[in-house]
Amino acid sequence: MKFDYLPPADQILETIGRIYRFGMTTTSGGNLSVRDDNGDIWITPAGVDKGNLRREDIVRVRGDGSVVGLHKPSSEFPFHQAIYRARPDLRAVVHAHPPALVSFSIVRRTPNVDMLPGERDICGEVGMAPYALPGSERLGANIAAVFAEGKRCAMLENHGIVVGGDTLADAYKAFETLEFCARMEIRASGLGRPRSLTEAQRTLAASAVPALPALPAPSGPMPTAEREARVRMCDFIRRSYEQRLFTSTQGTFSVKLASEAFLITPHGLDRKYMEPEDLVLIRDGAAERGKQPSRSVLLHRAIYARQPHVQSVLVAHSPYTMAFALTDVAFESKTIPEAYILLRGMPKLPFESVYASVEQTAARFTPDVPLALVDNNCVIATGSSLLNAFDRLEVAEYSAKSIVEAANLGEIVHMDDASIRDIETAFRL
Ligand SMILES: [Zn+2]
């Protein structure tokens with residue numbers, strides 16, 4: 001589906017559904033708006049269940065203040081209007097009370113957007129609007145003042161978050177990314193002290209844009225094996241997104257087709273709406289014409305070249321697993337048999353591993369080391385199939401969650417060496 005083709009009411013409906021299903025708003029909290037070309041503002045209605053909104057429930061407020069629709073506009077319409085007045089360049093506003101961001105708002109802190117590369121580019125600097133009564137002109141003025149400084153994300157003290165964008169897709173992307181940063185920082189803070197990127201790391205990541213030559217136009221029909229791989233990959237990408245292992249723009253999947261050829265996710269496209277034709281074919285070091293592969297494409301290529309047992313590679317930022325990549329705490333898989341069998345040892349690699357010396361990094365992914373964490377960067381999972389790599393990523397995230405949450409209960413007891421040897425014998429590891 002091409003989101004940008006939808007009219008404003010459908011875009012709002014689609015986006016509020018996405019926010020609600022991911023537990024980022026309650027049924028009564030949160031409102032979205034889109035400013036149309038003629039200045040009309042389309043907005044969610046007041047007092048209608050967010051879980052059951054229909055297209056005809058969306059309200060249009062004309063430039064003269066008259067309202068078209070079945071309901072009254074959201075009670076927080078005044079601050080949407082104040083933002084559009086302060087920022088003529090913005091065309092959409094997302095407001096909600098997602099629990100992780102509300103946690104920050106009630107300790108009056110902004111989430112750190114400098115823990116992973118790319119987050120600051122999406123969210124920008126995050127401002128803080130002083131508390132005021134919901135629905136009041138005062139609240140509108142406080143929020144508009146943050147936007148007038150050129151920011152696009154404003155935390156609201158003791159309330160929630162407001163994000164603006166050039167389009168609703170753009171505002172949603174920043175909203176989701178900031179919420180992801182908030183969740184990740186909360187998880188990591190439960191384990192240790194989360195690190196920020198250094199200036200040198202930020203510069204390295206920003207400059208690491210692989211430039212691959214373009215493949216010639218295909219001379220015949222696409223092989224069936226490639227079509228099947230494209231369809232299956234899209235299923236898994238959407239599933240990874242629904243399971244919140246990926247965010248809308250982060251998370252890379254690749255699958256080997258034949259020697260020297262593989263399919264990989266494109267850079268920057270929304271993972272929720274990924275279609276088979278969006279995936280990028282890489283063959284003999286060249287990329288499918290007119291498409292931009294994920295930034296980690298050279299690492300994927302190096303792993304396939306070096307490790308013939310690997311058929312699929314995933315690069316993700318799943319928030320519980322990332323808690324270990326952001327702190328000095330080691331990830332120990334000897335917690336339950338499932339974790340040890342699928343994850344084995346899980347080394348931590350330095351931040352630079354995905355950009356420089358990808359050959360050495362690829363050499364680490366032997367059959368005994370299917371996954372690795374990269375400091376302030378990502379988790380890399382390899383597998384003998386798409387399903388196997390996905391399974392490992394999911395097990396890593398669930399195991400990480402158990403470890404992070406167990407820390408609230410007491411001391412963790414790891415399986416002893418004899419139990420591990422029994423597992424290794426029984427499962428021929
Ligand atoms: Zn609110």
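The values are calculated or read from the model by the stated rules, or taken from the named source; none is laboratory data. For clarity, every value in this text was computed on a predicted model and none was experimentally measured. As a convention, Cβ positions derive from the backbone with ideal geometry for all residues, glycine included, and neighbour counts pool all protein chains shown.
Odds and ends about this structure:
- Output for the stretch 16-59, where each listed residue is polar (S, T, N, Q), within 16 Å of the ligand (Cβ to nearest atom) and either surrounded by fewer than 22 Cβ atoms within 10 Å (Cβ to Cβ) or in contact (Cβ under 8 Å) with a residue 60 or more places away in the chain (or both): Thr25, Thr26, Thr27, Ser28, Asn31, Ser33
- Exactly one residue out of Arg109, Arg62 is closer than 15 Å to Ala154 by Cβ, surrounded by fewer than 19 Cβ atoms within 10 Å (Cβ to Cβ) and free of Cβ contacts under 8 Å to residues at least 60 places away in the same chain, and it is Arg109.
- Taken as a whole, the structure leaves Met128 outside the set of residues that are surrounded by fewer than 23 Cβ atoms within 10 Å (Cβ to Cβ), out of contact with any Gly (no Cβ under 8 Å at 6 or more places or on another chain) and assigned to a loop (DSSP other than H, G, I, E, B).
- Count of residues meeting criterion [more than 17 Å from the chain's Cα centre (by Cα), within 22 Å of Cys181 (Cβ to Cβ) and assigned to a strand (DSSP E or B)] in the stretch 374-419: 0
- For Leu6, the conditions (1) over 28 Å from the mean Cα position of the chain (by Cα); (2) surrounded by fewer than 20 Cβ atoms within 10 Å (Cβ to Cβ) are fulfilled apart from (1).
- The residue of the stretch 312-350 that is surrounded by the most Cβ atoms within 10 Å (Cβ to Cβ), among those that are of a type in the set (Asp, Glu) and assigned to a loop (DSSP other than H, G, I, E, B), is Glu332.
- Against the list (1) within 21 Å of the chain's Cα centre (by Cα); (2) of a type outside the set (Val, Ile, Thr); (3) outside any strand (DSSP E or B); (4) farther than 17 Å from Val102 by Cβ, the condition Ala144 fails is (1).
- The stretch 88-111, residues that are within 16 Å of the ligand (Cβ to nearest atom), of a type outside the set (S, T, N, Q) and in contact with a Gly (Cβ under 9 Å, 6 or more places away or on another chain): Val93, Val94, His95, Ala96, His97, Pro98, Pro99, Leu101, Val102
- In the stretch 351-374, the residues that are not assigned by TED's automatic domain parsing to the domain that holds Phe324 and surrounded by fewer than 16 Cβ atoms within 10 Å (Cβ to Cβ) never reach a residue that is of a type in the set (Ser, Thr, Tyr) and part of a strand (DSSP E or B) with C-beta atoms less than 8 angstrom apart, at least six apart or across chains.
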